[in-house]
1. Kindly indicate whether any position in region 72-88 is closer than 15 Å to residue 289 by Cα and surrounded by fewer than 22 Cβ atoms within 10 Å (Cβ to Cβ).
2. Out of (1) assigned by TED's automatic domain parsing to the domain that holds residue 155; (2) surrounded by fewer than 17 Cβ atoms within 10 Å (Cβ to Cβ); (3) more than 22 Å from residue 107 (Cβ to Cβ), the odd one out for residue 207 is which?
3. Picking from 260, 254, which residue would you name as being in contact (Cβ under 8 Å) with a residue 24 or more places away in the chain and not assigned by TED's automatic domain parsing to the domain that holds residue 165?
4. Quick one: in region 153-197, which of the residues that are part of a helix (DSSP H, G or I) and under 28 Å from the mean Cα position of the chain (by Cα) is nearest to residue 218 (Cα to Cα)?
């Protein structure tokens, strides 16, 4: 066959297509792309499509990503679809329907049940769980995970800073109730688990907002709004749930990595809660993100 034979020239494209199909199959994305269209798995030169779920938190974090990437000269666009949950958004990145989305550690692992847990090393755990072609970039300090909190008066009365303190105070205070908005969350610790870890005796009270120990998401606006004190968890009874950029490998170039990494130490749980609360009350995610980035010296 001659070197310039057109059949020979077509073979590299066929090989590339086969490899891409294999990667997508491994990622569990046999279905056709949705209205957002395929991402760089099909065309590495396209813009980064950023997706979110419907929560104020996801929308404002995605807006932060969008602003940072655009400021770094990376082509981006927002997906036209809002997904039902962070797990669905993560699956869309894995499937190649999105190029980038905010993700959460434990939620991500539940979305990919084949992943193995590496004790004390969440980065290694995510790397093991994710299929080829998808990257978990380093997380921000902000967590959306379950926390246990008490009122400021209760914390002051018993000297509470940690769940271990709560266990010691329980000897003096008797049995207390455990409940709150996130009481039925998959990551919420049970009363039995807390008793085993800290010796604290609690009666489960479901989603009751009047429980002595409240189970909340770390970015719940009630924490700063009501002056609640979050108790630290030295025995790690609650798994971590830091927010991080889940990104398709074709989009994870040096410029994108550097831009997104600027959030890591600056975006704390308290700051994220404030940003989400602003969007929840009607503010534009893009304007909220842009204003916050500028006020923190992260954008021009």
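The values are calculated or read from the model by the stated rules, or taken from the named source; none is laboratory data. A quick note: this is a predicted structure, and the numbers were derived from the prediction, not measured. Here the Cβ positions follow ideal geometry from the backbone for every residue, glycine too, while neighbour counts run over all protein chains shown.
1. Let us first name the residues in region 72-88 that are closer than 15 Å to residue 289 by Cα, namely 78.
Applying the additional criterion that residues be surrounded by fewer than 22 Cβ atoms within 10 Å (Cβ to Cβ) yields 78.
Yes.
2. (3)
3. Values: 254 fails: in contact (Cβ under 8 Å) with a residue 24 or more places away in the chain.
Of 260, 254, the one residue that is in contact (Cβ under 8 Å) with a residue 24 or more places away in the chain and not assigned by TED's automatic domain parsing to the domain that holds residue 165 is 260.
4. Going residue by residue through region 153-197, those that are part of a helix (DSSP H, G or I) are 153-158, 163-173, 191-197.
Filter once more, so that each one left must be under 28 Å from the mean Cα position of the chain (by Cα): 163-164, 191-194, 197.
Numbers: 163: 15, 164: 19, 191: 19, 192: 22, 193: 19, 194: 18, 197: 21 Å.
Among those residues, the one meeting the criterion is 163.
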